[in-house]
Amino acid sequence: MPPTRRPSTRPDPDPGDAIVLEAPELLDGIGGEPALRVVDRLQRNGHEAYLVGGCVRDLLLGRELHDLDVAGPAPPEVVEALFPRTVAVGRAFGVVRVLSHGQDLEVATFRVESGTRDGRRPAELSLVATPEEDASRRDFTLNALYLDPLTGELVDPVGGRGDLEQRVLRAVGDAEERFREDGLRLLRMARFLAGLDLRPAEGLLEAARSCRAMLARISSERVLDELGKVARGERREVAVELLARADLLAEAFPHLRHSRLGAAERATLIRGVRPDELLLALLDLEPAVEGRVDLLARTLDGLPLARTEASHLSSSWARLEEIRSLPAGASADVDAARLARLLRGREGGSALRLARAWVKTLGGDEVRLDALEEWASSRDLEPAPLLAARDLLALGCPPGPGLGSLLRALEDEQLRGTLTDQAGALTWARRQLELDPT
C-alpha cells in the first residue's frame with residue numbers, strides 16, 4: 001500500500017504560493033508508488049520532498065507521465081544514507097538516482113546555478129533550502145512546479161500554473177539569461193510550444209533569436225537527441241517552423257541546408273513523414289540539386305548517427321532518387337525484380353512516403369505513386385527463398401562470389417514470378433550451372 005498522507009513539513013507556506021489540489025491521490029493508477037515511498041521516507045526523516053518539473057506539469061495537464069523526479073533540500077549524502085540502493089549519477093550537481101521498488105528515480109537537492117563554462121554546465125553551483133530558490137535556475141515557469149504528492153500541496157514560486165492555464169510559455173526570469181545558461185533550451189522551447197500547444201510569452205522568440213549562436217556550443221549528440229524528441233512529439237511541423245521563425249534551424253543543424261520552403265510547404269512536407277524520416281525531410285534537397293547523393297553522404301558522415309541509422313537514411317534517400325527517375329508507367333515498364341527491391345522493406349516505405357510528401361508539397365504526379373503503392377501492396381516483395389546457399393553448393397556450385405550472384409539471380413526470377421516452387425528452382429539452377437560451371 002502507498003504511504004498515508006501526512007501534513008507537509010514545509011513551515012508556514014504563504015497563501016499565495018501554495019495551493020492544495022482537490023485530489024491528493026494524483027498518482028494512483030500511474031505507477032507512482034515508488035515515488036510516493038521516496039517522498040515519504042524523506043519527509044519522515046525531517047526533509048521536505050516534492051515531485052518537480054515536467055511530471056507535475058503533465059499531471060496538471062492530464063497527460064501521460066514518463067519520469068517522476070523528486071527534489072528537496074536534503075543533500076546527496078543524506079539521500080544516500082536513507083536509501084540502500086543509490087547511484088551517484090550527478091552527485092557534483094546534487095543529483096542521486098534512487099532505486100525504489102523496481103523504478104529508478106532521480107532525487108535532486110535544491111540548488112542555484114550561476115554563469116556557464118561551456119553553454120551547458122554552470123560555472124558555480126550552491127545547494128539551497130527552499131523551492132523558491134531552486135526555481136530561479138529552472139528554464140520555464142511551467143517546469144518550476146513543486147508537488148507534495150502526500151498532501152496535494154502545490155508550490156508555485158514563479159507563476160507556472162497560471163501560465164499553464166493561460167497556455168503561455170514563459171522563461172523563469174530573464175529569457176536571454178536562461179538561454180545563455182544552456183543553449184539546448186532554445187530547442188526545448190520549440191518542442192514545448194508545439195507539443196503543449198502554447199503561445200510564446202512576449203519577447204520569448206526575440207530572446208531566442210538573439211541567443212541563437214549558443215547552439216553552436218551544443219554537441220551534435222545533444223542536438224540530435226532533442227531533434228528526436230521534436231520528431232516524436234505532437235505537431236512536430238509547428239516545432240520546426242518555430243525553429244525557423246527564430247532563425248534557429250540553421251544554427252541547430254549546421255550540416256543541413258537552409259530551407260527554401262515557406263511555412264505551409266514545410267508543414268506539409270514534415271507532416272507526411274514518420275519521426276525517423278524527419279532528418280531527411282529537413283535536408284530539403286530538391287531534385288534539381290546536382291550532386292545531392294554525395295551531399296547527403298557528406299551530411300550523414302558529419303552527424304553522430306548510429307551506423308544502422310545512417311545506413312537506413314542513406315539507402316532511403318537513394319531509393320527516393322530512383323523512384324523519382326522511374327518512367328510514368330513504372331509498374332508496367334520496369335523489371336519486376338528491380339521494382340520489388342526498390343519498394344520493399346523499411347527503406348522502400350520511407351522512400352515512398354518521402355516521395356509523396358514532396359509531391360504534396362511542390363506538386364507532381366500522385367497517380368504514379370498510387371500505382372507504385374498498389375503494385376507493392378499486391379505482391380510479396382520479400383518471399384521466402386526457394387533455395388538456400390547449401391542447396392546450390394550441393395548441386396556443385398563452388399563457394400565464392402558466383403554463389404551470391406546465382407542466389408540473387410534466382411531471387412530475381414522468383415520476384416518476376418517465373419519461378420514459384422522449389423522443383424522449378426532446382427531445374428533452373430542446374431541449367432545455370434551447366435551453362436556457366438564457374
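Couple of notes before you dig in:
- From Arg408, Arg344, residue being modelled with pLDDT of 90 or more, exposed (fewer than 13 other Cβ atoms within 10 Å of the Cβ) and not hydrophobic (A, V, I, L, M, F, W, C): Arg408
- Cβ pairs under 8 Å, 6+ apart, first in segment 215-233 and more than 19 Å from Asp58 (Cα to Cα), second surrounded by 14 or more Cβ atoms within 10 Å (Cβ to Cβ) and aromatic (Phe, Trp, Tyr): Val223/Phe253; Leu227/Phe253
- For segment 199-214, a residue qualifies if it is more than 20 Å from Arg266 (Cα to Cα), free of Cβ contacts under 8 Å to residues at least 60 places away in the same chain and hydrophobic (A, V, I, L, M, F, W, C), and the qualifying residues are Ala201, Leu204, Ala207, Ala208, Cys211, Ala213.
- Yes/no for Leu242 being within 16 Å of Glu277 (Cβ to Cβ), surrounded by 15 or more Cβ atoms within 10 Å (Cβ to Cβ) and either of a type in the set (A, V, I, L, M, F, W, C) or modelled with pLDDT under 80 (or both): no
- The residues on offer are Ala409, Ala384, and the sole one that is in a helix (DSSP H, G or I) and not assigned by TED's automatic domain parsing to the domain that holds Arg356 is Ala409.
- Residue within segment 359-376 that is within 32 Å of the chain's Cα centre (by Cα), among the hydrophobic types (A, V, I, L, M, F, W, C) and closer than 11 Å to Leu320 by Cα present: no
The values are calculated or read from the model by the stated rules, or taken from the named source; none is laboratory data. The structure presented is a predicted model; accordingly, all values stated were derived computationally and were not measured. Virtual Cβ from ideal backbone geometry, glycine too; neighbours counted across all protein chains shown.
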